[in-house]
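The structure appears right after this line, and notes come after that.
The values are calculated or read from the model by the stated rules, or taken from the named source; none is laboratory data. Model, not experiment: these values are computed from the prediction. Glycine also receives a Cβ, built like all others from the backbone with ideal geometry; neighbour counts cover every protein chain displayed.
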2 protein chains.
Amino acid sequence: MPHLLLKDLPRYECLLEAAKQFPNLDPSACEVFLNLLRTGDEAFRVTDEHFQHNGLSQGRFTVLMLLFDKACGQSHSCTPAALAERSGVTRATMTGLIDTLERDAMVVRKPDPADRRMLSVELTPRALTFLASILPEHFRRINDLMSPLSETERRTLVRLLGKIAVRASEAFPATNTLVHA
Amino acid sequence: MPHLLLKDLPRYECLLEAAKQFPNLDPSACEVFLNLLRTGDEAFRVTDEHFQHNGLSQGRFTVLMLLFDKACGQSHSCTPAALAERSGVTRATMTGLIDTLERDAMVVRKPDPADRRMLSVELTPRALTFLASILPEHFRRINDLMSPLSETERRTLVRLLGKIAVRASEAFPATNTLVHA
DNA sequence: GTGAAGTGATTAGGGTGCTAATTATCAGCC
DNA sequence: GGCTGATAATTAGCACCCTAATCACTTCAC
């Protein structure tokens, strides 16, 4: 489920042409922007295809990985609210994700003995086996995708992407952040 | 509607730690991958927020821009199938997008006189006015987002992203491409 | 205690994407 | 002419994401 985008990016000459009509249009900025969205979508597609073959979605995978981290670490409990907060979706969306994961016997909801409003979500043994079976191919795909880049190029790319990400969060702060108090 | 992702990327030390458990995990490749998806999502969000304030979505915007190009260029006709092909969605999805755009008086469906299976989709005058009113802010946001990057850095970023995109299409060709004979 | 406010999870309803199946039309071959 | 297969668009049904409203429970003030 990639973001809908132009399949073929406009050529640079077309951007220059369009700039005549729109004085605000900076061709080099647009070119970076379009390439960033396109390549991000392609990277997403590479792993998402693998997920789909195994009945997963990016959302389901993210939830499983968050729970997997918990299971390997110290804390064994995770509430739907915490999962939603850490994966960047609303609680309502998390309810739906947990619904389908529970239906597929990947997670279980357990009531919190201390506070009856809360639940604890845990991975099933089936989920652990499942993750162990798909993660090697997942990492293989990422390595393959990045194989054209040298270590130096990787550092450069992370640095330049970071500049954009910082600018995005400063000039256009996310609005869906729940304000606590 | 960003791709669901970790809100906070794992630190590099965590990737190193995880690599002990999964021999296939290349920390630098994962780091680039995660930053690419995260930054791509942030960039998407910056423009999508603006769209949402004006009752648009990325998909609706892409369709309008494709039709706008047509309207400015020579050919004035565009079938749903052609729009779907060029924007990378299925025809069924395009039917839905055109449905809502037509409901909002942004486009009109016109029957093809030669082939009664086909339709031609055209922008309304209202859509042209609307696009002229939102595009300046759209480009302003893109320029602002890319303002931390020098021209040299922009060229570097486009080149590195291109390497990944090429690798993605070679090693993991898209499957939803409709094969025409 | 008891009522008010706050918090956790869910439900209701909408938008957008997908695949698969359907309907209408065209084109070719007997 | 009429059957067969291809093609255009749509519909049906599912998943996932959102916002807003709702329900259950806790906590705090009085």
*How many residues does the range A:79-103 contain that are more than 11 Å from DNA strand C (Cβ to nearest atom), part of a helix (DSSP H, G or I) and closer than 21 Å to B:Leu9 by Cα?*
2
_Conditions (1) closer than 30 Å to B:Asp144 by Cα; (2) within 11 Å of DNA strand C (Cβ to nearest atom); number of the one not met by A:Glu49_ = (1)
*asked:* Is it the case, given these coordinates, that B:Arg11 is away from DNA strand C (no atom under 14 Å from the Cβ) and free of Cβ contacts under 8 Å to residues at least 12 places away in the same chain?
replied: yes
*May I ask you to list the residues in the range A:15-35 that are at the interface with chain B (Cβ under 7 Å from one of its Cβ atoms) and either closer than 14 Å to B:Asn143 by Cβ or within 16 Å of DNA strand D (Cβ to nearest atom) (or both)?*
A:Phe22, A:Asn24, A:Leu25, A:Asp26, A:Ser28, A:Ala29, A:Cys30, A:Glu31, A:Val32, A:Phe33
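Conditions tested, residue by residue: (1) facing chain A (nearest Cβ under 8 Å); (2) surrounded by fewer than 19 Cβ atoms within 10 Å (Cβ to Cβ).
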{"site": "B:Pro10", "(1), (2)": "no, yes"}
{"site": "B:Glu13", "(1), (2)": "no, yes"}
{"site": "B:Glu42", "(1), (2)": "yes, no"}
{"site": "B:Glu49", "(1), (2)": "yes, yes"}
{"site": "B:Val63", "(1), (2)": "no, no"}
*If you check A:Ser147, A:Ser133, which single one turns out to be modelled with pLDDT of 95 or more and over 24 Å from B:Asp8 (Cα atoms)?*
A:Ser147
*Quick one: in the range A:149-161, of everything that is at the interface with chain B (Cβ under 7 Å from one of its Cβ atoms) and in a helix (DSSP H, G or I), which residue is farthest from B:Leu145 (Cα to Cα)?*
A:Glu151
_Filtered residues of the range A:83-102 (kept if more than 17 Å from the chain's Cα centre (by Cα) and polar (S, T, N, Q))_ = A:Thr95, A:Thr100
*asked:* Whether any residue in the range A:170-178 is more than 10 Å from every other protein chain (Cβ to nearest Cβ), assigned to a strand (DSSP E or B) and within 16 Å of DNA strand C (Cβ to nearest atom) is what I want to check.
replied: no
